[in-house]
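Novice: Dropping a structure here in structure tokens format, bear with me for questions.
The values are calculated or read from the model by the stated rules, or taken from the named source; none is laboratory data. Treat the numbers as computed from the prediction; the structure is a model and nothing was measured. Cβ placement follows ideal geometry from the backbone for every residue including glycine, while neighbour counts extend to all protein chains displayed. Surface areas here come from the heavy atoms of the whole protein model, side chains and all, with no ligands, DNA or RNA. Shrake-Rupley method; radii C 1.70, N 1.55, O 1.52, S 1.80 Å.
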Amino acid sequence: MAVNADRLKQNAAANGRIFMDSLRENRELVFFSVFLICGMAFGAVFARNADMITLKKLDFLFYSNFQSRAGQPMSTVFSASFASSFLFIFVCFLCGLSMWGMLFIPAVLFFRGFGLGLTSGYLYAAYGGKGVLFNLSVILPGAFVCCIAILLAAKEGARFSRVIASCSAGAGKKAIGPPKMKPYVLRFGAILTVAFSAAVFDVLFSGCFAGMFSFK
């Protein structure tokens, strides 16, 4: 028994070290995730004073009009979902082209989290358990993949922004080559494929489950 207890302690310690090493290796993603989660919390609190009119006004940014998912053609669901993801990814792309852009990228993550928290909070506040089930089965699968894409875009944009800042800071000391644009664009192209997958998830889960709910 003592041997087993020692092994369990050793395994727990090893797992703890692996976890901490993973956090250190991905500390930038963890940092951005904090802003995303804080935005979700603020959105959920704000949802107490929100209504469907507010959600419809913000639909282009967050694809928050959940009532339309069951009645819209799947092509419309895909287009709306991908357009929402593309907007935030494109903003991260533009921020990466400025030496000051890395300062604004956390706000992009916070704003995206706010939209998700707003929709989720409103569903729970207005419809209770039915709203929670709808959120879990229809909205969150695609939203989760979308958030991964935006986190990756934020990381890449911040990295490129730091490269530009470093080049500007060292321009007077020694010749520093300009940051390479092609790899940056290609990485964002790969990130857009993740956003594409998120839109596909929205189509699949909306088609399978949205018709089971009525919010009239």
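Novice: Which percent of the accessible heavy-atom area of segment 28-211 goes to carbon and sulfur, probe 1.4 angstrom?
Specialist: The value for segment 28-211 is 74 percent carbon and sulfur by accessible area.
Novice: While we're on this one: How long is the gain from CYS167 to LEU133 if the chain were fully straight, where each residue apart is worth 0.36 nm and the alpha carbon distance is subtracted?
Specialist: Length gained between CYS167 and LEU133: 7.3 nm.
Novice: While we're here: Report the FRET efficiency, 1/(1 + (r/R0)^6), for ILE148 and LYS180, where r is their Cβ-Cβ distance and R0 is 22 Å, rounded to 0.05.
Specialist: 0.35
Novice: Would you mind getting the accessible area per residue of segment 28-211, heavy atoms of the protein chains only, 1.4 Å probe, in Å²?
Specialist: Result: 49 Å² of accessible area for each residue.
Novice: Between ARG159 and GLN72, what length in nm is gained on full extension when 0.36 nm per residue of separation is reduced by their alpha carbon distance?
Specialist: 27.5 nm
Novice: Run the dipole for segment 28-211 about the Cα centre, Lys and Arg Cβ at +1, Asp and Glu Cβ at -1, nothing else charged, and hand back the magnitude in debye, nearest 20.
Specialist: For this selection, approximately 540 debye.
Novice: Work from the charge dipole of segment 28-211 (Cβ charges, +1 for Lys and Arg, -1 for Asp and Glu, about the Cα centre) and give the residue of ASN135, MET102, LEU87 farthest towards its positive end.
Specialist: Value: MET102.
Novice: Find how much the distance from SER79 to TRP100 grows on full extension, using 0.36 nm per residue of separation minus their present alpha carbon separation; answer in nm with one decimal.
Specialist: Working it through step by step, the gained length comes to 4.4 nm.
Novice: What number, in percent, do you get for the relative contact order of segment 28-211 if the mean sequence gap of Cα pairs under 8 Å and at least 6 apart is divided by its residue count?
Specialist: 34 percent
Novice: So, in nm, how far is label ARG48 from label ALA190 when the simple model puts each one 7 Å beyond its Cα toward the Cβ?
Specialist: Once both label points are built, they end up 4.4 nm from each other.
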